[in-house]
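Trainee: Please see the structure below; I have some questions.
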Amino acid sequence: STIKPIVIATWNVPNATAEAWKVLEKKGNALDAVEAGVKMEEADINNQSVGKGGRPDRDGNVTLDACIMDQNGNCGAVVYMQNVTHAISVARKVMEDTPHVMLAGLGAEKFAYDKGFPKENLLTEKSKAEWSEWKKESKYAPVINIENHDTIGMLAIDTNGDISGACTTSGMAYKMAGRIGDSPVIGSGLFVDNEIGGATATGQGEEIVKTVGSFLVVELMRQGWSPQKACEEAVNRIIKNDPNYKDIQVGYIAVNKKGETGGYCIHPGFSYRVYSEEGHENITSKSYL
Ligand code: SD4
């Protein structure tokens, strides 16, 4: 069968998908592509859901969650890590340079400094000002705004036909200190099986973790479901479990080994970006509601 190199990412992130495509175009591997791609969003202070510029937790600390998975089923993750912008690259180092899969908090941060990552202040004036405003009422409805979030999950197939994925976020705005979402949890925020395909998620992390969403999408594709149908079923599981599903947003995207893609979410407003030899576009996701 013919190999179709492709990049797919949650949300309309043209800089990120273009950066990943540059790697694939030069016959680079999918792992390098997804890392380079999502780093664009981590560095972009205007994306207030990822990396530097991310919205803080209730205490005013920006804490990052990220994971990465390669074509051999290796994975690495950091959770609740502060003061280092490129959580995805630290996650990759965990995967490649340690016997572990996941490092948390101060341990992850110390490991990052040991590996030469710079210490940076991730809280921008803008995010700080919004947090100060929020604190006046401290009204905490533990829900993800339907449109105002853009965790980046990215999947790529390279010219060898190998698949890798990455997912990185500052998590839910004003979350409790210590809270970890789906994004750094392999199987929930991201899963890749090089024989089948990959999936990644955005939205209310708790719901994604409860249903092990990205693993579910990949396992459904293994059973022959299209990426589209698999994403729909993963959203349906959440809806079945949660009577309050109208208050939350979750979105999945997926790609299979053939380079077919799909995406689905609860509320309208989610989109995903696809880049291939056929061009690049932002696709409005179908939604349950
Ligand atoms: C989380 N899934 O921490 C993430 C949030 C998210 O855009 O997707 N934000 O639950």
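Every number in this text was worked out from the coordinates using simple rules, so none of it is lab data. None of the values given here were measured: they were computed from a predicted structure. Methodologically, a virtual Cβ is constructed for each residue, glycine included, from the backbone with ideal geometry; neighbour enumeration extends over all protein chains shown.
Trainee: Inside region 1-58, can you point out the residues that are outside any helix (DSSP H, G or I) and acidic (Asp, Glu)?
Mentor: Once the filter is applied, which keeps residues that are outside any helix (DSSP H, G or I) and acidic (Asp, Glu), region 1-58 yields Asp44, Asp57.
Trainee: Follow-up question, since we're still on this one. When residues of region 194-210 are filtered for being farther than 19 Å from Ser164 by Cβ and either surrounded by 24 or more Cβ atoms within 10 Å (Cβ to Cβ) or near the ligand (Cβ under 10 Å from one of its atoms) (or both), how many remain?
Mentor: Qualifying residue count, region 194-210: 7.
Trainee: Could you say which residue among Lys26, Lys4, Lys22 is surrounded by fewer than 18 Cβ atoms within 10 Å (Cβ to Cβ) and touching a Gly at 6+ places or on another chain (Cβ under 6 Å)?
Mentor: Result of the check over Lys26, Lys4, Lys22: Lys4.
Trainee: Right, here's the next one. Can you tell me which residues in region 224-250 are closer than 21 Å to Thr2 by Cα and not in a helix (DSSP H, G or I)?
Mentor: Within region 224-250, Gly224, Trp225, Ser226 meet the criteria.
Trainee: Taking region 251-289 as the search range and keeping residues that are hydroxyl-bearing (Ser, Thr, Tyr) and in a loop (DSSP other than H, G, I, E, B), which one is surrounded by the fewest Cβ atoms within 10 Å (Cβ to Cβ)?
Mentor: Looking at residues that are hydroxyl-bearing (Ser, Thr, Tyr) and in a loop (DSSP other than H, G, I, E, B), I get Tyr288.
Trainee: Go through (1) small (Gly, Ala, Ser); (2) buried (at least 24 other Cβ atoms within 10 Å of the Cβ); (3) away from the ligand (no atom under 13 Å from the Cβ); (4) not in a strand (DSSP E or B) for Gly181 and report which single condition fails.
Mentor: Of the numbered conditions (1) small (Gly, Ala, Ser); (2) buried (at least 24 other Cβ atoms within 10 Å of the Cβ); (3) away from the ligand (no atom under 13 Å from the Cβ); (4) not in a strand (DSSP E or B), the odd one out for Gly181 is (3).
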